[in-house]
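Each remark here refers to the structure printed beneath this line.
The values are calculated or read from the model by the stated rules, or taken from the named source; none is laboratory data. Nothing here was measured: the structure is a model prediction, and the numbers come from that model. Cβ placement follows ideal geometry from the backbone for every residue including glycine, while neighbour counts extend to all protein chains displayed. Heads up: the accessible areas ignore ligands, DNA and RNA and are worked out on the full protein's heavy atoms, side chains in. Shrake-Rupley method; radii C 1.70, N 1.55, O 1.52, S 1.80 Å.
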Amino acid sequence: MISKISRAGVLVPEFSAFFEKPEEHGIDYAYERIGRKSLVKNRETNQNTLSKYLSDFANKDSSNPSYVKQLRALLSSTARSMGTIHRLKILHGHPHFNNFIPVKSRVGVIDFYLAREVNVNWSNPQSIVYEFRPDYAYLTSNFERIGQRCKPERLKVFDSLRTYFFRKLVERYPTSDENKRKVLRTLLDWSKP
């Protein structure tokens, strides 16, 4: 599944090992790089994530226009990656903002252990929302949580970034413009701070 995602142009990590964890009924993994960026799991990945960029924006005292521009580019890359994954009829399963790693002008996606294929009917907006609801729940709650911590003077810009993200996400979907508007409306309603 990760190979399929990578072939579609989404930046994913190069894995070096998988470990079974029977006591937790799961697996863990080790990876060395994402794109050309070397990573050390749980050290560097927690310090350089989309979550950190958004939290910094929400909590800093001044609003730097170049920082907002950079954040917009990172959100665009993240949304395009998630939209591409969904277009492949794959549910990521755990897309919280710590699973998106900025690598230059792109964002890599990690943590596919809950990923699975879904049977979405692209001609039906209710089917789209239903099949990708777990991913939407993570994405909308991320925006909601960070928006609640956002300084009041930043809420308008934060709201425009949230709208931009979800618009870019649904733009990748192979469905009608009307269906895209319906899905977008649902996501924006769910993610209000």
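Here are a few things to note about the model shown:
- Length gained on full extension, Ala8 to Ser160: 51.9 nm, using 0.36 nm per residue less the C-alpha separation.
- For region 180-189, 3J(HN,Hα) computed residue by residue from phi via the Karplus equation (6.51, -1.76, 1.60; θ = phi - 60°) reads 4, 4, 5, 5, 4, 4, 4, 5, 5, 5 Hz, glycine and proline entered as x.
- Lysine-lysine proximity count for region 97-193, Cα under 25 Å, sequence distance 8 or more or distinct chains: 12
- With 0.36 nm allotted per residue and the present C-alpha distance subtracted, the Lys69-Ser105 stretch has 11.8 nm of extension available.
- Amide proton proximity set for Ile90, modelled H, under 5 Å, gap of 5+: Val118
- Protection proxy ranking of 179-186, 150-157, by the mean of other Cβ atoms within 10 Å over each peptide's residues and highest first, is 179-186, 150-157.
- At R0 = 35 Å, FRET efficiency that the Cβ-Cβ distance of Asn124 and Met1 yields, to 0.05: 0.90
- Projected label points at Ser55 and Arg181, each 7 Å from Cα along the beta carbon direction, are separated by 3.8 nanometres.
- By the Cα gyration tensor, region 47-119 has an equivalent ellipsoid whose semi-axes, rounded to whole angstrom, run 26, 12, 9 from largest to smallest.
- Semi-axes of the equivalent ellipsoid for region 54-193, computed as √(5λ) from the eigenvalues of its C-alpha gyration tensor and ordered from largest down, come to 25, 16, 13 Å.
- By accessible area with a 1.4 Å probe, ligands and nucleic acids excluded, highest first: order of Tyr164, Tyr136: Tyr164, Tyr136
- Sorting 96-106, 115-125 by their mean Cβ neighbour count within 10 Å, with the most densely packed peptide first, gives 96-106, 115-125.
- Distance between the pseudo-spin-label points of Tyr113 and Asn48 (7 Å out from Cα toward the beta carbon): 2.3 nm.
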